[in-house]
Amino acid sequence: MKRWILMLGLIFVAGCATEPAEDGAQDETPIEQAPEQTDETENEQTTDEGEGLSVGTSEAVASQLEAPWSIARIEDGWLVSERGGTIAVIDEEGNVDRQTVELTEAVLEIGEGGLLGLALASDFDTSRQLYAYHTYGTPGNVQNRVVELTWEEDRFVETDVILEDIPGAQFHNGGRLLLDGEALWVTNGDALVPDLAQDETSLAGKILRIPLSGEGEPTDWIYSSGHRNPQGLASVDDVLYASEHGASGHDEVNRIEQGKNYGWPLIEADETADGLETPWFEVGSTSWAPSGIVADEEYVYMATLRGNRLVALDRETRDVLSIIEDKGRIRDVWLEGDVLYYITNNTDGRGNPGADDDQLYRVTIR
């Protein structure tokens, strides 16, 4: 993969790394405990207790994870990124082997930054290669990068740089990766500078589609713009879905199309403007803080942090089915047949962790 270093001259605003989150709705607001979701959420879509799905009982697969962020299923277990800069290798019996990640730029764990998204190469079983998104730099100059890693069974080693100098901040780093065919999808937040989401010369507030061939310049890889803090990506039936944190409630799920502008910071919720897209789904005035998503032919399954739920959104009606409500903050979800795997995120400083947190769970949904 061709190495790209994007020098934008926009990185960065002094004091950005220590600026508090600007609202109380987003995932990473520095509070002790996000409030529980209430029945009074102002949301036009109905919410049912699993109606239409047969939901089993959650079973813990592994415990004692440290601020986990992203799940990747491997042949004989799971890889889970941990925000401090390690990857938890979990076998089928639930044993956790926490392994180091050797990088040419150290992971900067700050606010919601750190080691974030993972995506396995299509030939991972033989190549042992994967992609990772991580924050780096200094508290006064926060940046993000996408790298290729090779798993050497006892550690992960950086073997290529896909893209670096992505604008970052204490909050709003995006960080989700999705490998789909011959392209790597990447979500970038607005890095606490909302206007960057509308700046065609900046990668901030964008969803990128990076060809594995490395062809083109980084700005050629901008697939959609106008994003605030997208933290989930899923592709099904040639439709790309992305979940995104709103500024004051009004978190979104969007159907992403090439060249479309999803409005931030010019519009949100059901507001309209020429050339800007209104969301496919939005939660109303009480934030859920959505994170990882997956999808099948019927539903988009979404982890929520502030909402403390795992939900299913009907792809046809957009009705909301609640699957899990009693595990606290949920960061990511993975679908395998009729089984959902999900990770809690109660040890990130904003939840109330139990003795075994954080945990990887499985639940049967059919």
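I need the full set of residues from the range 173-194 which are in contact with a Lys or Arg (Cβ under 9 Å, 6 or more places away or on another chain), buried (at least 18 other Cβ atoms within 10 Å of the Cβ) and over 22 Å from L266 (Cα atoms), in order please. Passing the criteria: L184, W185, V186. Name every residue in the range 80-97 that is out of contact with any Leu (no Cβ under 9 Å at 6 or more places or on another chain) and closer than 13 Å to L360 by Cβ, in order of residue number. Listed by number, the residues that qualify are D91, E92, E93, N95.
Quick one: in the range 202-213, which of the residues that are aliphatic (A, V, I, L, M) and under 15 Å from D180 (Cα atoms) is surrounded by the most Cβ atoms within 10 Å (Cβ to Cβ)?
It comes out as I207.
Taken as a whole, the condition of being more than 17 Å from I110 (Cα to Cα), over 14 Å from the mean Cα position of the chain (by Cα) and at pLDDT 95 or above does not apply to L212.
Is one or more of the residues making up the range 246-258 touching a residue at least 40 places away in the same chain (Cβ under 8 Å), among the small types (G, A, S), surrounded by fewer than 24 Cβ atoms within 10 Å (Cβ to Cβ) and out of contact with any Ser or Thr (no Cβ under 8 Å at 6 or more places or on another chain)? Scanning the range 246-258 turns up at least one residue that is touching a residue at least 40 places away in the same chain (Cβ under 8 Å), among the small types (G, A, S), surrounded by fewer than 24 Cβ atoms within 10 Å (Cβ to Cβ) and out of contact with any Ser or Thr (no Cβ under 8 Å at 6 or more places or on another chain).
Please find, within the range 117-154, the residue that is surrounded by the most Cβ atoms within 10 Å (Cβ to Cβ) out of those that are part of a strand (DSSP E or B) and charged (D, E, K, R).
Of the range 117-154, the ones part of a strand (DSSP E or B) are 117-120, 129-138, 141-151.
Now narrow it down to the ones that are charged (D, E, K, R): 145, 148.
Details: R145: 24, E148: 19.
Top of the filtered list is R145.
Within the range 214-243, the set of residues being surrounded by fewer than 19 Cβ atoms within 10 Å (Cβ to Cβ) and either assigned to a loop (DSSP other than H, G, I, E, B) or touching a helix residue (DSSP H, G or I) at 6+ places or on another chain (Cβ under 9 Å) (or both) comprises G214, E215, G216, E217, D237, D238.
With respect to (1) surrounded by fewer than 16 Cβ atoms within 10 Å (Cβ to Cβ); (2) assigned to a helix (DSSP H, G or I); (3) not basic (K, R), the lone exception for A197 is condition (1).
Of the strands (runs of 3 or more DSSP E) lying entirely inside the range 49-110, those carrying at least 1 residues that are touching a residue at least 60 places away in the same chain (Cβ under 8 Å) are 59-62, 68-74, 77-82, 86-91. When V161, V157 are checked against the criterion of being surrounded by fewer than 20 Cβ atoms within 10 Å (Cβ to Cβ), in contact with a Lys or Arg (Cβ under 7 Å, 6 or more places away or on another chain) and either assigned to a loop (DSSP other than H, G, I, E, B) or not basic (K, R) (or both), V161 stands alone in meeting it. Is it the case that the range 320-327 has a residue that's within 14 Å of the chain's Cα centre (by Cα) and either at pLDDT 95 or above or of a type in the set (K, R) (or both)? Scanning the range 320-327, I find no residue that is within 14 Å of the chain's Cα centre (by Cα) and either at pLDDT 95 or above or of a type in the set (K, R) (or both), so the answer is no.
The values are calculated or read from the model by the stated rules, or taken from the named source; none is laboratory data. Only a predicted model underlies this, so the values are computations on that prediction, with no experimental measurement involved. For neighbour counting, all protein chains shown are included, and Cβ atoms are generated from backbone atoms with ideal geometry for every residue, glycine included.
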